[in-house]
Structure formats: C-alpha cells, structure tokens
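For reference, the structure discussed in these notes is given below.
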Amino acid sequence: MKICPKCNTQVADDATFCTGCGVQFAPVQPTAYAPAYDPFDHTSEFDAKDISDNKVIAMLVYLLGPIGIIIALLASNTSAYAAFHVRQALKITVVEILSLICAALLCWTVIVPIAYGIFALILTVIKFICFFQICSGKAKEPAIIKNFGFLR
C-alpha cells in the first residue's frame, strides 16, 4: 500500500489516482541497470587468433607449475595471451613458495601445517579453475591472487 502525499490516504500500489482526493500519481519509471562489468576479465584485450593459437601453451602454466611457465616463455614469447597467463601462474607460484616457507619456519606448531595444507588445496583448486577458463578461451585473473598487485 502506498500513501497519498496530499491527503495521506492509503491506496493500492498500482493505483494511478488517489481515492480520497483524486490526485494523480506520477507513473513509476523502471530503472535502467548498467550492464555487469568484471574488471578482472581481460578476455577482450586479446585477439581471438592469439587466444586460439596459444591456448594449449597457456594451459601448461597451470598444469606443470614452474616448468610449464618456462615452457610457455620459450614456446610463445610473442603472445600477449600466454604472457597474461604466465604472470598469473607466477603470482600463484610466488604465493605457494611464500606459504611453504612460512609453514616450514613454523612447522613446530600444529595449526600452521594444517592451515598450509588447506591453503595449498585452495591454490590447487584455483589452478584447476584457471585451466578450465583457458579451455573456454577466457583471460580472467584468478580469485584470491587477483588482489595481489605485483606482476600486473
């Protein structure tokens, strides 16, 4: 129920006139929503031919870890699409190494090795998600890792 601004009479939500005083209500205009935009999706920045030619190379960086990064750098050093995924895989690798160092330094505690195991599992899931995004030809920054500002 809505209330008439002139006489404070309650009227139905779909009423165009007040039943008490007869004032006409302004029609409700539907609001236009802006299209959804993902600032971490960089797919449109790459050429479709570059994506199709270097899709397999980009997959290697997530499947083989540091060895895949080296192979991708040697195999397609001119591809912007492969370079994007090399940077993302490098971010994941740096985070893995830093978390391993922290876990090794604090291995005498009980909670840190358990937390490292969970975190390593999460990073593995992120790598699989990135792999399947490459299969569909996308170039999105991985979750969690996209918040780190190095290697943009």
Tell me, what is the 1.4 Å probe accessible area of L106, in Å² to the nearest 10? 70
Springs between alpha-carbon atoms under 10 Å, Gaussian network over the chain: tell me which of F46, F84, F17 tops the mean-square fluctuations. F17
Could you pull the accessible area for K138 with a 1.4 Å probe, rounded to 10 Å²? 80
Per-residue HN-Hα couplings for segment 42-53, Karplus 6.51 cos²θ - 1.76 cosθ + 1.60 at θ = phi - 60°, whole Hz, x for Gly and Pro? 10, 4, 5, 7, 10, 6, 4, 5, 4, 5, 5, 6
Accessible area of segment 1-147 belonging to carbon and sulfur atoms, whole % at 1.4 Å probe: 69
Rolling a 1.4 angstrom probe over the protein heavy atoms, how many square angstrom per residue are accessible across the chain? 65
On each of the three principal axes the extent of the alpha-carbon atoms of segment 68-152, given in whole Å and largest first, is 46, 23, 22
Taking every Cα atom in segment 35-93, find the radius of gyration and the maximum pairwise distance Dmax, and write them in Å. 11.7, 40
Heavy-atom accessible area of T78, protein chains in place, probe 1.4 angstrom, given in Å² to nearest 10, is 130
Which far-off residues, 5 or more places away or on another chain, put their amide H under 5 Å from the one on K140, with H placed in the peptide plane? H42
Residue-wise, which Karplus ³J(HN,Hα) couplings in Hz belong to segment 11-21, taking 6.51 cos²θ - 1.76 cosθ + 1.60, θ = phi - 60°, and x for glycine or proline? 10, 5, 5, 9, 6, 9, 10, 6, 7, x, 10
Output the 0 to 90 degree angle, nearest 10, between the alpha-carbon long axis of helix 111-135 and the longest principal axis computed from the alpha carbons of the chain. 80
Cβ-isolated cysteines (cut-off 4.7 Å), the chain: C102, C107, C130, C135
Given [x] 11.6; [y] 16.0; [z] 7.8, which label gives mean projected area of the Cα convex hull in nm² as computed from the coordinates? [y]
Rounded tilt (10° steps) of 80-105 against the dominant C-alpha axis of the chain: 70
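The values are calculated or read from the model by the stated rules, or taken from the named source; none is laboratory data. Since the model is a prediction, treat every value here as computed from it, not as a measurement. Methodologically, a virtual Cβ is constructed for each residue, glycine included, from the backbone with ideal geometry; neighbour enumeration extends over all protein chains shown. These area figures cover heavy atoms from the full protein model, side chains too; ligands, DNA and RNA do not enter into them. Shrake-Rupley method; radii C 1.70, N 1.55, O 1.52, S 1.80 Å.
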